[in-house]
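Below: one structure, written as structure tokens.
Derivation of every value follows stated rules applied to the coordinates shown; laboratory data play no part. Keep in mind that what you see is a predicted model, and the values were worked out from it rather than measured. Please note: Cβ atoms are built from the backbone with ideal geometry, for glycine as well, and neighbour counts cover all protein chains shown.
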There are 2 protein chains.
Amino acid sequence: MSEEDAVRQVLRNRQLASLGDAYVNFVYSLALTKVNKRPEGVKVSDRVLAQAFKLAGLRDYLGTRVTRKDLANACESLLVEAYLSDLLSIEESITILTQDPGGVAAGLVNLLKVAAEQVRQKAQAMHDC
Amino acid sequence: MSEEDAVRQVLRNRQLASLGDAYVNFVYSLALTKVNKRPEGVKVSDRVLAQAFKLAGLRDYLGTRVTRKDLANACESLLVEAYLSDLLSIEESITILTQDPGGVAAGLVNLLKVAAEQVRQKAQAMHDC
């Protein structure tokens, strides 16, 4: 399996997306809490997730005829996979989410790029073994 | 402020509860994922949270005329306060949630007891300073 196929497999994993939904809402809320200096809890919408996925340049990993929900699920699966595989800790994710001058939504785009690259590199390392 | 007042103040903090909602859904989902060995995402209901709060013996911290929603919010505030104050890491919380033979719902009761005790001890330590 190529690195691209490994990333694609993560992005299409619906089961991972269900845990990823809880994960993304938590890290995004924690990032808003740090930025605004008061506790804040949000449910990140499919619209925001789908938009970030496209801005991160990941759209081509998925085929045609994908819905906004598919793109949102792909974000959730990718980010929680990076967490579960110890590729990105919560602390590292919060740092990336909070350091873009464009705000946490812009930070999400950066986080998706880093997560995709880490998952790709891990697949490559396993392939090279 | 006594230790009991400090705990009460956390339990009644509605802003903390909004972040706590995202936190509890995530750690509970992660615990289910570890127990069932497959990714699972859940929204922990107010019913489950309120029940766990009472079983943990914390009901007396709140006054009379509290709703199920108030009890659920108190759980969420307490658990995320313990996390934000570095009293309970996610790893420690997952261990407590997953090691009760009664399942994750039973583990939640144990986790609430530990969190309340940690918040109480921290208040006492600050009081003693």
Residue B:5-residue B:68 pseudo-label distance in nm [points 7 Å out on the Cα-to-Cβ vector]:
3.4
For residue A:100, residues with placed amide H under 5 Å, excluding near neighbours
A:107
Taking the label point as lying 7 angstrom from Cα along the Cα-to-Cβ axis, what are the distances from residue B:124 to the corresponding position in the remaining copies, in ascending order and in nanometres?
5.4
Axis carrying A onto B: which residue of A has the nearest Cβ, and how far, whole Å?
A:26, 2
Here the gain from full extension of residue A:91 to residue A:120, 0.36 nm per residue of separation minus their alpha-carbon distance, amounts to 8.3 nm
Tell me the Rg and the Dmax, in Å, that the Cα atoms of chain B produce.
14.0, 46
Distances in nm between the label point of residue B:65 (7 Å along Cα→Cβ) and its equivalents in the other copies, shortest first, are 5.9
Take the alpha carbon atoms of the range A:106-129, find their center, do the same for the range B:71-129, and report the distance between the two centers in whole angstrom.
33
Distance from a point 7 Å along Cα→Cβ of residue B:35 to each backbone N in the range A:1-45: keep the residues under 17 Å and list them by number.
A:19
Just report the Cα centroid separation between the range B:29-64 and the range A:1-66, whole Å.
25
Debye intensity ratio I(q)/I(0), log10, the protein assembly as shown, q values 0.09, 0.14, 0.16 Å⁻¹ (C-alpha model):
-0.43, -0.94, -1.15
A 21 angstrom limit on the alpha carbon distance is what I want to check against. Which of B:37/B:113; A:69/B:43; A:43/B:69; A:37/A:113; A:69/A:113 exceed it?
B:37/B:113; A:37/A:113
For the range A:23-77 (alpha-carbon point model, no solvent) the Debye-based log₁₀ I(q)/I(0) at q = 0.13, 0.16 Å⁻¹ works out to -0.36, -0.51
Sequence-separation-based contact order of the range A:18-129, relative, with Cα cut under 8 Å and 6+ spacing, percent
31
Computed [θ] at 222 nm, helices only, for chain A once each DSSP H run of length n ≥ 4 contributes -39500 (n - 2.57):
-24000 deg cm²/dmol
